[in-house]
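S.K.: One structure coming up, written as structure tokens, with questions to follow.
The values are calculated or read from the model by the stated rules, or taken from the named source; none is laboratory data. Since the structure is predicted, the reported quantities are computational estimates derived from the model, not experimental observations. Ideal geometry is used to build each Cβ from the backbone, glycine not excepted, and the neighbour counts take in all protein chains shown. The area values use the complete protein model at the heavy-atom level, side chains included, leaving out ligands, DNA and RNA. Shrake-Rupley method; radii C 1.70, N 1.55, O 1.52, S 1.80 Å.
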2 protein chains.
Amino acid sequence: MSDRNTFLAAAEALLGSRGLTRDSDLMEPWLTDWRGRFTGAALAMASPASTAEVAGLVRLCGEHGVAIVPQGGNSGMCGGATPDDSGTAIILSLRRMNAIRSIDQAGLQAVCEAGVILQTLHEAVEPLGMRFPLTLGGKGSATIGGLISTNAGGTQVLRHGSMRAQVSGLEAVLADGSVFSALVPLKKDNRGFDLKQLLIGSEGTLGIVTAATLRLVPALADRAVLWAGVPSLRAARALLLHCQALAGDALEGFEVMPQNTLDDVVAHVPGARQPLAGRHEWHALIELVADRSNVDRLGSLAEDLLASAFEQGLLEDAVISSNEAQAEAFWLLRDEIAPAERAKGPAVQHDISVAVEKMPEFVEHAVPLVEAAWPGTEAVAFGHLGDGNVHFHVIAPPGVESLAWQAGDGKAISSQVYELVTQWGGSISAEHGIGQLKRADLARLGDPVALALMRSVKLALDPQGLLNPGKLVSLDKDAATP
Amino acid sequence: MSDRNTFLAAAEALLGSRGLTRDSDLMEPWLTDWRGRFTGAALAMASPASTAEVAGLVRLCGEHGVAIVPQGGNSGMCGGATPDDSGTAIILSLRRMNAIRSIDQAGLQAVCEAGVILQTLHEAVEPLGMRFPLTLGGKGSATIGGLISTNAGGTQVLRHGSMRAQVSGLEAVLADGSVFSALVPLKKDNRGFDLKQLLIGSEGTLGIVTAATLRLVPALADRAVLWAGVPSLRAARALLLHCQALAGDALEGFEVMPQNTLDDVVAHVPGARQPLAGRHEWHALIELVADRSNVDRLGSLAEDLLASAFEQGLLEDAVISSNEAQAEAFWLLRDEIAPAERAKGPAVQHDISVAVEKMPEFVEHAVPLVEAAWPGTEAVAFGHLGDGNVHFHVIAPPGVESLAWQAGDGKAISSQVYELVTQWGGSISAEHGIGQLKRADLARLGDPVALALMRSVKLALDPQGLLNPGKLVSLDKDAATP
């Protein structure tokens, strides 16, 4: 029996037939990332049912030198959960570990296994008068383990922080098969390095998250969604500061988009209409929220905020959602930007951030620069102004062949955008991570000191290099694309 | 010239005479920790004036194999900034690097060098309508670098989190003299491992923090301090949950102390008096705050909160501070607990935490257990109930000789308390860190997986072991007291 077969037999003995498959039909959906940019091959797909099974499997992989690609909902944006095409790695699906182990109403926290789907958690805590304060487009497939491993963001980071801020306890299997268990949520604990912080956002390259204790917040009693037209992105930033000063923690979201992007969305979504009568260079969507402790003042807060902003010349026109249906309609305009743009034709997308106060200037600088360098393209920036995070999309000139353009000009444009944002002290990945998509860019543009530090940590924690190889961190420091 | 003299000559050439001293009078105050528990010796004390000088010095130390003990205000609780008695290490004082590099009012953040004293930062931002939301007893000496290296806590963690939550950017010198620079505060940045999280709380064993970008919050417009008498610590916990549900983010502090501790404070502080007429098993100090966005409702919130708590039988008696002087008087009773206890005689102190919901049960279990095991002692728990963090002090029987008792029974009591808190899934160090004081206890009681992980990281980042040796992490895994 070859070593490979010995491994597979031992893995099947450990996991049972439900826990291990080599059936190509069953594996096929999980070998390509959901955006269809990366396709790989796998020796097998393992679906352990418990932390002990994950630990046993990781130990087995170590003994046999088998690489492991951990996978949650397979809805990542950077190919971080797709194996390479060698067919020597296994996919380690965490989807069977989908128990919500406990929900603590008094303590406002829940212990979830890695495979719990985000929307499932939302729905589990809602009837109990609580909410989990992170959401994003892929909530129907994204898992808690994947969200932690990528330190996911979304539209509520402005107030609640990214996934890192929601994790108060963590359980993970390390490269040697040992289980790091820190699920007890201690609000204060200074017993040395905060190891869970190292695992959060490490994309499965340092360990495999198996469960987490997550913080919950009281359910919303009400929300008010405001739509404002402003003459520039700088004006939007001034409006944001005004909102922060007046609304404090009641401000939960502040999203922006230019008029032409809004036009595309309105044209794309059946029945959609412009929230404001006139036209404005930029539009801001502002969400104010209240729990039962302050719901009585939400209406007056929204009105005072707009009145004072108008008085101070911070906006040209604005409207407050008059009911929940209108609030949802406003948010739909934001959520449909990506689909509307996809309908327009091929584009390259960049999830970038700079310091919040520099974002207006950056966009004003970058949009004309890119459009001039690549005639016929249209550069569009929209998103989370409150987090200094825009999605900077560059749409191809009409009529180009998609794949060829993506591989040629598209790639060159991305390089330029990443160089630009690096010059501005920003990040080439604000919330989507690095995966395989941006690994070469990170190796090329990242701070050499930070890269060396990451390599040292990776080598120390995964000396065999079996945890999600080819993702995030480049171990060969001389190779730009290792 | 010996190697030692070569090193000293090179260090002086690098730092100038102001930057390096071997004068024993100048060094003496910095060779003993402020509680007087540890005294060491040093080859010299370096006081670099810039990050570049720190980097040069660390490189020099690496070349000559000289150990480095970083030091801020020297007001740590665990001997983390005191060298051993070999006299071969240098003290690296960060106190000369005390510039507030910038304050950004719109962005609510400040860039501070490591040597900035906490109170100096408080005073610098106050006239600008902002505050830095972390404070503690040692604010007049504690430095930003030391607070970051120990992930300091304090009385506002309930709402604002510990020091980790205040750091949005970091600059540090690593063991090889390279400078890790991530001062630009990106609200979203997913370019791999969050390396600054690794440095925060690592007590100078992985790198030397030289500067940080810190978040600020709007100044308080007003506060209301409530004092409540409750029949038990469980009742205090129920009152805490009630406050969290009703006051939300307006709840900034929730401290508890037993009646006998309050009696000691009132007896110790001239002019102090009991806030309530009657006697109660436990007392809670509750701080509600408002900035200008919600100051109008602070008074009614405080009244509603007490009225509904009283109605629901959550407290026996309570009073709201009628003015700022009374608010300060209430806080003084909390702040004077430690001095009042010191006046009573020798004691051993334990800064411990368990999950918030378990704290009442833990204290009810631990106090009689310890007092029965050590006849004549008095066990007292007080502090940050909202953080699951109590300071558990055991006061010696009357008349014992202090040093002998500390070294004998005191030590044994501490071992027992740490074993107990570990059995309860808690932490032997909630907010003070490990330093040299608790290193043997951590090696003995810590999770072996976490300890092994810490050792791997330490070896990877500081292979020569020159950064604050003998603190926090034990490199020899077989030695309980390495």
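S.K.: All but one of (1) of a type outside the set (D, E, K, R); (2) under 25 Å from the mean Cα position of the chain (by Cα); (3) farther than 30 Å from A:SER456 by Cα; (4) away from chain A (no Cβ under 11 Å) hold for B:LEU437, so report the exception by its number.
M.R.: (3)
Quick grid of which residues meet (1) of a type in the set (D, E, K, R); (2) without any contact (Cβ under 8 Å) to a residue 60 or more places away in the chain; (3) farther than 17 Å from A:GLY80 by Cβ:
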| position | (1), (2), (3) |
| --- | --- |
| A:SER402 | no, yes, yes |
| A:GLY410 | no, no, yes |
| A:SER415 | no, yes, yes |
| A:ALA430 | no, no, no |
| A:LEU442 | no, yes, no |
| A:MET454 | no, yes, no |
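S.K.: Taking segment A:420-430, which residues are under 30 Å from A:PRO70 (Cα atoms) and either open to solvent by 20 Å² or more (accessible area, probe 1.4 Å) or among the aromatic types (Phe, Trp, Tyr) (or both)?
M.R.: A:THR422
S.K.: On to the next question. If I ask for residues that are crowded, with 16+ Cβ neighbours inside 10 Å and under 18 Å from B:GLN71 (Cα atoms), which ones from segment B:97-118 would you list?
M.R.: Passing the criteria: B:MET97, B:ASN98, B:CYS112, B:GLU113, B:ALA114, B:GLY115, B:VAL116, B:ILE117, B:LEU118.
S.K.: So, one more: Of the residues A:PRO398, A:PRO375, which single one is open to solvent by 50 Å² or more (accessible area, probe 1.4 Å), on the phi < 0 side of the Ramachandran plot and modelled with pLDDT of 95 or more?
M.R.: After ruling out the rest, the residue left standing is A:PRO375.
S.K.: Please count how many residues of segment B:1-37 are assigned to a loop (DSSP other than H, G, I, E, B) and either among the acidic types (Asp, Glu) or touching a Pro at 6+ places or on another chain (Cβ under 9 Å) (or both).
M.R.: 4
S.K.: Listed residues B:VAL173, B:VAL184, B:VAL209; which is facing another protein chain (nearest Cβ under 8 Å) and touching a residue at least 12 places away in the same chain (Cβ under 8 Å)?
M.R.: Of B:VAL173, B:VAL184, B:VAL209, the one residue that is facing another protein chain (nearest Cβ under 8 Å) and touching a residue at least 12 places away in the same chain (Cβ under 8 Å) is B:VAL184.
S.K.: Let me ask another. Just give me the residues in segment A:171-217 being within 20 Å of the chain's Cα centre (by Cα) and either surrounded by fewer than 24 Cβ atoms within 10 Å (Cβ to Cβ) or of a type in the set (D, E, K, R) (or both), in sequence order.
M.R.: A:LYS196, A:GLN197, A:LEU198, A:GLU203, A:ARG215, A:LEU216 - these are the residues of segment A:171-217 that are within 20 Å of the chain's Cα centre (by Cα) and either surrounded by fewer than 24 Cβ atoms within 10 Å (Cβ to Cβ) or of a type in the set (D, E, K, R) (or both).
S.K.: Considering only segment A:230-282, how many residues are within 14 Å of chain B (Cβ to nearest Cβ), closer than 21 Å to A:ASN323 by Cα and among the aliphatic types (A, V, I, L, M)?
M.R.: Final tally of qualifying residues: 3.
S.K.: If you take the residues of segment A:119-139 that are part of a helix (DSSP H, G or I) and open to solvent by less than 10 Å² (accessible area, probe 1.4 Å), which of them is nearest to A:ARG164 (Cα to Cα)?
M.R.: Applying the filter and picking the extreme gives A:LEU121.
S.K.: Would you check which residues across segment A:283-299 are hydrophobic (A, V, I, L, M, F, W, C) and either within 14 Å of chain B (Cβ to nearest Cβ) or open to solvent by 20 Å² or more (accessible area, probe 1.4 Å) (or both) and list them?
M.R.: A:LEU288, A:VAL289, A:ALA290, A:VAL295, A:LEU298
S.K.: Only one residue in B:ASP441, B:ASP387, B:ASP447 is among the acidic types (Asp, Glu) and either closer than 25 Å to B:ASP264 by Cβ or in contact with a Cys (Cβ under 9 Å, 6 or more places away or on another chain) (or both), so which one is that?
M.R.: B:ASP387
S.K.: Select, from B:LEU241, B:LEU233, the only residue that is closer than 26 Å to A:ASP249 by Cβ and buried (at least 16 other Cβ atoms within 10 Å of the Cβ).
M.R.: B:LEU241
S.K.: Here is a further query. Would it be correct to say that B:VAL125 is touching an Asp or Glu at 6+ places or on another chain (Cβ under 6 Å) and in contact (Cβ under 8 Å) with a residue 24 or more places away in the chain?
M.R.: no
S.K.: Residues in segment A:78-85: is at least one surrounded by fewer than 20 Cβ atoms within 10 Å (Cβ to Cβ), part of a loop (DSSP other than H, G, I, E, B) and among the hydroxyl-bearing types (Ser, Thr, Tyr)?
M.R.: no
S.K.: Got a sec? Which helices (runs of 4 or more DSSP H) wholly within segment B:140-232 have at least 2 residues that are modelled with pLDDT under 95?
M.R.: Because the criterion is at least 2 residues that are modelled with pLDDT under 95, the helices (runs of 4 or more DSSP H) in segment B:140-232 that meet it are B:157-160.
S.K.: May I pose another question? Go through segment A:88-104 and give me each residue that's part of a strand (DSSP E or B), over 20 Å from the mean Cα position of the chain (by Cα) and not charged (D, E, K, R).
M.R.: Residues satisfying the conditions are A:ILE90, A:ILE91, A:LEU92, A:ILE100, A:SER102, A:ILE103.
S.K.: Residues of segment B:350-372 being out of contact with any Asp or Glu (no Cβ under 8 Å at 6 or more places or on another chain) and open to solvent by 50 Å² or more (accessible area, probe 1.4 Å), which ones?
M.R.: Matches in segment B:350-372: B:LYS358, B:GLU361, B:GLU364, B:HIS365, B:PRO368, B:LEU369, B:ALA372.
S.K.: Looking at (1) touching a residue at least 24 places away in the same chain (Cβ under 8 Å); (2) buried (at least 23 other Cβ atoms within 10 Å of the Cβ), which is the one condition that is false for A:GLN406?
M.R.: (2)
S.K.: Which members of segment B:408-434 meet the condition of being within 14 Å of another protein chain (Cβ to nearest Cβ) and part of a helix (DSSP H, G or I)?
M.R.: If the condition is that a residue be within 14 Å of another protein chain (Cβ to nearest Cβ) and part of a helix (DSSP H, G or I), then B:TYR418, B:VAL421, B:THR422, B:GLN423 are the ones that fit.
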